[in-house]
Every structure is written in structure tokens, then in C-alpha cells.
Amino acid sequence: MGDSYHALYRKAYPMVPLIPDDRERRLVMTASKGQHGSRLDPWTQSYAQRTAGMSASEIRALFAVASRPEVVSLAGGMPCLSALPMETVAAAVAQMLATQGTTALQYGSGQGDPTLREQILEVMALEGISAHADDIVVTTGSQQALDLVTRIFIDPGDVVLAEAPSYVGALGVFAAYQAQVAHVFSDDDGLVPQALQERIVALKAAGKRIKFLYSVPNFHNPAGTTLSLQRRPQIVEICQRHGILLLEDNPYGLLGFDREPYDAMRTLSEEGVVYLGSFSKTFAPGLRVGWALAPHAVREKLVLASESAILCPSAYSQMTVSTYLATCDWMAQIKVYRELYRERRDAMLESLGAMLPQASWTHPDGGFYVWLTLPEGLNAKAMLPRAVTERVAYVPGTAFFADGTGQRNVRLSYCYPDPDRIREGVRRFAGVVHAEQELLETFGPYDATATGSGPSTGVQFPSPDLS
Ligand code: PMP
């Protein structure tokens, strides 16, 4: 039945761009396994083992099509920069360059600009954190902080605990350092403490070394959920009891729609938490400025690791952020972003409610993402070629798990398209789901093993603007 479904699907949609299927991939892999490399890549035998965990997502090719203007992309996690007062920012940066250009265009400190580190303290105070500027390391986006923390803690085979689902860019880092990711059950209130406790006990009993718990507590990417206030001390306590570091990744915390930010988990433990922040969502991702706040000894190692990787973060970018914080009303700008994203979230939830009653989804009260569960029997990755043909794009749920689950899940982003485009995108998406359901009713369930759309065993790497 599965085969006939696949064949009929191909007959019905011959123009649909193909996700390379497993057979094609196996051919390429076999071709590249020759003793002395192959025509495709003469260096096959030379790569470090850790590159085995790095493979481009099969959906990358599709997203080249998805970036065409006629496609409504509900896939990307790109902030809406048209809301920035660009002329004001440009004038402030021009002034900064004219007066401090020789510093801004020079190498800087490996730990990051001291002025900016003081300003970061003010940003973190909004989430109850009181710290010392000396314990902050400025990084090239919080993505580099994820890389540094993983680099200094993970040996191959060590376990990283992570929410189910988890941020795809973090899973990519963990895979690159050959960590084993153990997902922990999470619901609408975030990580479930009891599930965390049980997972730790089971892993320890199996002789595993657990190094840290990775969590995005606020307006989760991709789940759109927030860890409840009640659960925060429980999670911190469980980690402490088992000697597991907590990596608190918080790029969206100030982008809540309905309330002031919750206190960070870092407020509950100075020694047990590495906290990551970023200016990517509250200001601009192109500057690539993020930071880690770490216990003192960890901070020292992070600086050494960062210096060996990049010498120092960009002084120009840091001074641009610093000037922006000092001369523009950044709190008012965050408010502008919050209102804008709230309107887009409303547009998405209302359209989903009107057009897709047979699916279910999370109700984010901040951030960029809705996590949707398709009706039984549908496969989000298999459906993507048809969606792109119908001029709408999303990220299939399997990208957010290290173990191939999430086949019925979809991440929809509302941050970038305006509300009318969102409504149109959801209309197209709903049309695709309906058509898939009709196929399913006519031909029976999809056979994932017949194509490359089954459980993927590795972490997928979509392009950066999708993460
Ligand atoms: N963590 C999470 C949860 C994210 O969503 C992102 C960006 N999508 C990052 C970290 C990395 O952000 P940046 O490097 O731009 O600070």
C-alpha cells in the first residue's frame, strides 16, 4: 500500500521538487567511500570522525525554492528589521565610527568590550539577574556561546539533556562535538521535572556521563512554550542534586506579549547555570553579538576557547550595539517589536483556528514560533514538496529532534511576513493539509520507508535563516 501511495503521489505531482530519496543518498555515499576518496570528494578518508555528525539537511534544497518572493515563508526565524528606526541607528553608528573608528576597526579584548559588558548587566537585570561584568563573555551571537560551552564540556559520547523538541542550531553543535542528545519530555509548561528526574536516573544507571541540560525556557524555539514559574526551581534543584550544569539559552525572553519577563533560572543558582543572551532578536542579528554569563572558572575557560577560535569578537559590532544601547531608546524598540510580533501571532492563531480545525498547535505568548501537530497519518517532511509547490514553506518537526521523532510536527514562524501574508500562508498551508488528508483517505497511510522522509537518524542542518 505504501509503495502505491508513493507512486501515485509522484504521478499526481510530477512537478513537485523532489527531496533526494534514500536510494539516491545511499548511492552518493557509496560512491564517496572509495579507499582514496572519489570523484565527488577526494578527501573522504581524511575528515575527522566528528564530521560524520554534520550533514546538510535534505530540506535545504527545497528552501532555495522557498526563498522566492511568491512563496510565503513561515519557515524562517528572521526578525522583522523593517521595524528598526534605521536612520537613527545609521546616524549613531556613523558618529561612533567618526569619533572612535580606530578602536572600532581594531582587534579588541577576547572577553569582549568592557563598556558593552556593563550595559549587558542592565539588560539582564530586566530578568532579575544580578551579576558582575567580569563574568560575561561576549560572543559572535549566542550561537558561538553554544559552541564554546559544548567545546569545553563535551567529550565524544557524553550526554546532553535537551527539551523535546529542541533548537535545531543547538542540536547541530551537539552533533558536531559527538554528544549524545537525550530528549526530555516537555509539555505546554516546558520541561517536565518528573521526566527530567527519571531520564537522569535511567541514563546514570546505564553508565552514561551527563554533562549539561540545555533549555530554552522562554518562548521556546520551536515549541513556542514557556517554562512555568513553578517548575523553574524544581529544574534547577534536580540539576544541582545530580551535578549537572544548566545551560539556559534565552534569546527571546524580553519578547513577551502579555506580561513582564519571568526571572531567569540564573537568579536561582550562580554556580550551576551558564546563561546565554543575544541582541539578535531584540536589536539585529546581522551584528552577531551575544553573550554568556558563567560561573567564574567556567568563564575563564570560555574566554580561552573563544580566543583560540576567533581571537576576539568584532569590536565594530560590539561598539555598534553599545552605541545603540547608549543613544537610542532600546526599551521602546523592544516594545515596538513586542506589539508587532503579537499582531502577527494573532494573525497566525486566528487563521489556523478558522482554516485548520483538524490540527492542534501551541499558543505562544511571546517569541516567534507556533508548533503544530498534523492530523494522524500525515508526514510533515513528505508534505513539504507539495507545500512549496503551493507557495508556502515551513520547517518539518524532525529537524528539532536528534532521534527522528516529530514527523507529524511543523514549526510555523510568524516573525517575518506581515499579517496579510501570514493569513495567505496559512490558507495555502491548510489547503495542502486538506489535500494530503484526501490522499491519505484514498490510498492509505504514507510509507515513510519508501522515501527519504522517514525517521532521520542524524541531526539535520537547515540554512542559518531557518534556525
Ligand atoms: N538559541 C536559540 C533558541 C535561537 O533561536 C537562536 C537563533 N535562532 C540562537 C540561539 C542563536 O542566535 P544568535 O546566534 O543570532 O544570537
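Each eigenvalue of the Cα gyration tensor of the chain, multiplied by 5 and square-rooted, gives one semi-axis; in descending order these are 36, 27, 23 Å. For the pair the stretch 232-275 and the stretch 159-185, the centres of their Cα atoms are 18 angstrom apart. As a rough guide to protection, the peptides 160-173, 317-330, 344-357, 361-374 ranked by mean Cβ packing within 10 Å, highest first, stand as 160-173, 361-374, 317-330, 344-357. Summarised in one figure, the compactness ratio Rg/Rh of the stretch 169-291, Cα atoms and Kirkwood Rh, is 0.96.
For the pair Ala52 and Thr88 in one chain, pulling the backbone fully straight at 0.36 nm per residue adds 8.3 nm over the alpha carbon distance. Here the 3J(HN,Hα) profile of the stretch 211-226, calculated from phi with Karplus coefficients 6.51, -1.76 and 1.60 at θ = phi - 60°, is 9, 8, 9, 9, 9, 10, x, 10, 6, 4, 9, x, 6, x, 9, 10 Hz, Gly and Pro shown as x.
Per-residue 3J(HN,Hα) values for the stretch 73-82, derived from phi via the Karplus relation 6.51 cos²θ - 1.76 cosθ + 1.60 with θ = phi - 60°, read 8, 9, 9, x, x, 7, x, 8, 6, 5 Hz in sequence order (x marks Gly and Pro). Here Ser109 and Arg427 are evaluated by their C-beta separation; at R0 = 45 Å the FRET efficiency comes out at 0.30.
Could you give the Stokes-Einstein D for the stretch 329-421 in µm² per second, using the C-alpha Kirkwood radius, 25 °C, 0.890 mPa s?
Values: Rh = 14.3 Å.
Roughly 171 µm²/s, to the nearest whole number.
Extent of the stretch 211-278 along its three principal axes (Cα atoms, max minus min coordinate, largest first): 35, 21, 20 Å. Axis of helix 114-125 versus longest Cα principal axis of the chain: the two differ by about 60°, to the nearest ten degrees. Per-residue ellipticity at 222 nm from helix content only, as computed over the chain with -39500 (n - 2.57) for each DSSP H run of at least four residues, stands at -13500 deg cm²/dmol. Converting phi to 3J(HN,Hα) with the Karplus coefficients 6.51, -1.76 and 1.60 and the offset θ = phi - 60°, the stretch 279-291 yields 9, 5, 9, 9, 9, 8, x, x, 7, 6, 10, x, 7 Hz in sequence order, with x at every glycine or proline.
Taken together, the values in this text are just the output of simple stated rules run on the coordinates, not laboratory data. Everything numeric in this text was worked out from a predicted model, so none of it was measured. Every residue, glycine as well, gets a Cβ built from its backbone with ideal geometry; the counts of neighbours run over all protein chains shown.
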